[in-house]
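Structure, as structure tokens:
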Ligand SMILES: NC(=O)c1ccc[n+]([C@@H]2O[C@H](COP(=O)([O-])OP(=O)(O)OC[C@H]3O[C@@H](n4cnc5c(N)ncnc54)[C@H](OP(=O)(O)O)[C@@H]3O)[C@@H](O)[C@H]2O)c1
């Protein structure tokens, strides 16, 4: 699809991968709106990239999602791309029973339910546009779970499955459905702060570069770096990868 003159909403776009995408999209001549919960992060993003429109929103809250949809409808009628990027990652130790699950932030609500509801809600708006897209950010861990993040990995597997069905259902519309499958990204806030660069990690700007190239080429599953091998691995190779990445846990 053409990557200029689009109007793009990125959830969780004030930091990390979402912000790197916002930077790339603005550079290419697109109008970009980002949303997130923390006002200070949204303000900082706006300072770094004045062309951005920022909007406070908690995508895990149904009323907030509906309010976001109404606000976009009023202010950005030409919206033609939704990037479902907001996500969190939590360590969950299931040997403690439900203790870790009882924490306030729910990965299923943020990483899965919100993406599904936002995608469904925006379909009527997007399908009015000649060219449109829904971009769902999953993860390599949706293909090979990292057991210390059991719910996170499961939500990403669910996003992969959901995205395939969505793409198939929307095949007769103007909406193209992309899945972005990053490997470990070292310079984001997903783990609270940036982590050390590793052989298997990439930067958020490398993710953004691959996303732009992938969308331009209508490559619907945009697997990046180490995730590339996993999306086309056999069951045996996936089992081997599972043993390798979880051997210390
Ligand atoms: N980093 C990696 O290694 C990696 C690998 C594969 C996939 N991914 C995926 O990439 C996406 C972006 O993550 P990232 O690595 O860039 O981490 P990040 O810097 O922490 O970005 C996540 C963003 O989502 C926002 N967010 C979280 N919960 C939200 C909510 N309920 N409502 C609205 N916004 C919310 C956060 O802002 P607020 O907290 O202010 O709301 C934050 O700006 C996630 O879906 C993640 O799973 C990351």
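The values are calculated or read from the model by the stated rules, or taken from the named source; none is laboratory data. For clarity, every value in this text was computed on a predicted model and none was experimentally measured. Here the Cβ is made from the backbone with ideal geometry for all residues, glycine too, and neighbour counts use every protein chain on show.
If you go through the range 193-210 one residue at a time, how many are in a loop (DSSP other than H, G, I, E, B), near the ligand (Cβ under 8 Å from one of its atoms) and under 20 Å from residue 110 (Cβ atoms)?
Residues that pass the stated criteria total 0.
For residue 116, only one of the following conditions fails: (1) more than 20 Å from residue 188 (Cβ to Cβ); (2) at pLDDT 95 or above; (3) within 13 Å of the ligand (Cβ to nearest atom). What is its number?
(3)
Pick from 141, 190: which is in a helix (DSSP H, G or I), under 20 Å from residue 206 (Cα atoms) and either within 12 Å of the ligand (Cβ to nearest atom) or free of Cβ contacts under 8 Å to residues at least 60 places away in the same chain (or both)?
Answer to the check: 141.
Only one of (1) surrounded by fewer than 17 Cβ atoms within 10 Å (Cβ to Cβ); (2) closer than 20 Å to residue 160 by Cα; (3) in contact (Cβ under 8 Å) with a residue 40 or more places away in the chain fails for residue 237. Which number is that?
So the condition that residue 237 fails would be (3).
For the range 6-31, how many residues are under 17 Å from residue 134 (Cα atoms) and more than 14 Å from the ligand (Cβ to nearest atom)?
6
Yes/no matrix, rows are residues, columns are (1) closer than 28 Å to residue 161 by Cβ; (2) without any contact (Cβ under 8 Å) to a residue 40 or more places away in the chain; (3) touching a strand residue (DSSP E or B) at 6+ places or on another chain (Cβ under 6 Å):
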{"residue": "12", "(1), (2), (3)": "yes, no, yes"}
{"residue": "16", "(1), (2), (3)": "yes, no, no"}
{"residue": "43", "(1), (2), (3)": "no, yes, no"}
{"residue": "48", "(1), (2), (3)": "no, yes, no"}
{"residue": "66", "(1), (2), (3)": "yes, no, no"}
{"residue": "82", "(1), (2), (3)": "yes, no, yes"}
{"residue": "87", "(1), (2), (3)": "yes, no, no"}
{"residue": "106", "(1), (2), (3)": "yes, no, no"}
{"residue": "110", "(1), (2), (3)": "yes, no, no"}
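When only residues in the range 170-187 that are within 16 Å of the ligand (Cβ to nearest atom) and part of a loop (DSSP other than H, G, I, E, B) count, which is surrounded by the most Cβ atoms within 10 Å (Cβ to Cβ)?
My answer is 182.
Looking at the range 119-138 only, could you name the residues that are crowded, with 24+ Cβ neighbours inside 10 Å and either part of a loop (DSSP other than H, G, I, E, B) or at pLDDT below 95 (or both)?
138
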